[in-house]
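To start, the structure itself, in C-alpha cells.
The values are calculated or read from the model by the stated rules, or taken from the named source; none is laboratory data. Every value quoted in this text rests on a predicted model; they were computed, and no experiment measured them. Glycine gets a Cβ as well: all are built from the backbone with ideal geometry, and neighbour counts include every protein chain shown. What goes into the accessible areas is simple: the full protein's heavy atoms, side chains included, and nothing from ligands, DNA or RNA. Shrake-Rupley method; radii C 1.70, N 1.55, O 1.52, S 1.80 Å.
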Amino acid sequence: MFKVIYPGSFDPPTNGHLDIMRRASLLFDRIEIVIAVNPRKKYFFSAEERLAMIKEMVNDLSNINVVTWKGLVVDYAEKSGARVILRGVRALSDFDYEFELSMMNRALNSKIETIFLPTDQKYFVLRSSAILELAMFHGDISGMVPPVVEKALIRKCK
Ligand code: ADP
C-alpha cells in the first residue's frame, strides 16, 4: 500500500490545497493530511477549526484521513507507517523553501522521502496569508477557497 502524508498549516485551507488533495487521492492508496500545530506559531484558525474545515472539504474522498499533529512531520510519518511526505509547489520561490525543508527532513530521517506535486495553473497565485488579508478587508474570496472556508472566514472577519 502506497501511503503518503500531506502536511501543512492550512491556515486557512485553499482551493490550491484541495486540488493537491484531490490529485493525490487518485495517485496514492492512502493520504493522511497532517495539520501542523507548532506552539511557537500563531494561527488564525485553531487546529480544531482547520480539522473540521478540511474534513468537510474531502468528505467525498474515501482514502483521505485528516489529523492534527504537534511535533515533527517525520515523526508522524514514522508513527503512521508512511514513507513519503507530499508537498505542493507553486513558483520557484516555493521550491527554494521546500527543497531546504526536504533536506532537513531527510537529515532527520533518511527513510522518509519528500515528493512534490506542481500546482495547477489556476491556483498558482493562491496563498493562505494573502487570502486571510483579503478576507479581513472583506474582499471577494469565493473563487479561492471552498465554501466551508469562505463561510468561516466571513464569520471570523466580521
Ligand atoms: P506551510 O506548511 O509551509 O505552512 P501551507 O499550509 O501554506 O504551508 O501549505 C501546505 C503545502 O501546500 C505546502 O507544500 C505548500 O507549498 C502547498 N501549497 C500551498 N498553496 C498551494 C497552491 N495554491 N497550490 C499548490 N500547493 C500549494
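Of all the numbered requirements in (1) in a strand (DSSP E or B); (2) of a type outside the set (Ser, Thr, Tyr); (3) over 20 Å from residue 126 (Cα atoms), residue 48 misses one, and that requirement is (1). Considered as a group, the residues in region 20-34 that are within 10 Å of the ligand (Cβ to nearest atom) and open to solvent by less than 30 Å² (accessible area, probe 1.4 Å) include one that is nearest to residue 57 (Cα to Cα), and that residue is 21.
I want to confirm something. Restricting to region 112-145 and keeping residues that are more than 10 Å from the ligand (Cβ to nearest atom) and within 28 Å of residue 80 (Cα to Cα), which single residue is surrounded by the most Cβ atoms within 10 Å (Cβ to Cβ)? If we take residues in region 112-145 being more than 10 Å from the ligand (Cβ to nearest atom) and within 28 Å of residue 80 (Cα to Cα), then 112 is surrounded by the most Cβ atoms within 10 Å (Cβ to Cβ). Which of the numbered conditions does residue 65 fail, given that it passes all the others? Conditions: (1) open to solvent by less than 50 Å² (accessible area, probe 1.4 Å); (2) in a strand (DSSP E or B); (3) away from the ligand (no atom under 13 Å from the Cβ). In the conditions (1) open to solvent by less than 50 Å² (accessible area, probe 1.4 Å); (2) in a strand (DSSP E or B); (3) away from the ligand (no atom under 13 Å from the Cβ), residue 65 misses (1) alone.
Inside region 105-158, can you point out the residues that are assigned to a helix (DSSP H, G or I), of a type in the set (D, E, K, R) and without any contact (Cβ under 8 Å) to a residue 60 or more places away in the chain?
Result: 106, 133, 150, 151, 155.
Checking the condition over 21 Å from residue 156 (Cα atoms), at pLDDT 95 or above and open to solvent by 30 Å² or more (accessible area, probe 1.4 Å), which residue from 38, 59 passes? Outline the logic, then answer.
Values: 38 fails: at pLDDT 95 or above.
Result of the check over 38, 59: 59.
Picking from residues in region 1-11 that are part of a loop (DSSP other than H, G, I, E, B) and more than 9 Å from the ligand (Cβ to nearest atom), the one that is nearest to residue 77 (Cα to Cα) is 2.
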